[in-house]
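Read-outs: derived from the displayed coordinates by stated rules, not from any lab. Bear in mind the structure is a predicted one, so any value in this text is a computation, not a measurement. Note that we place each Cβ from the backbone using ideal geometry, even for glycine, and neighbour counts take in every protein chain shown.
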Amino acid sequence: MFLFLLEHLFSCIWYFVGIQEIAEDSWVKANKLSDATYTDQYVTAFYFSSVTMFTVGYGDVVPKSN
């Protein structure tokens, strides 16, 4: 249960950092979620934070340049 609470906390932090980011390469803008509902944005934030916490990399996110 503690891991789910921790996961929710990091998801909220990831979400708020993403919506406050002004740069064009924010994860919200990169995934075309600017006009999406809060639920879709939170689920995506939950995915990114859980992948960051529990694995060694994304696999589905690739760098744009060296």
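Okay, here's what the table says:
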item	result
Sorted peptide list for 46-54, 1-9, criterion being average Cβ within 10 angstrom, highest first	46-54, 1-9
Karplus-derived 3J(HN,Hα), 6.51/-1.76/1.60, for each residue of the stretch 40-49, Hz, glycine and proline x	5, 5, 5, 5, 5, 5, 4, 4, 4, 6
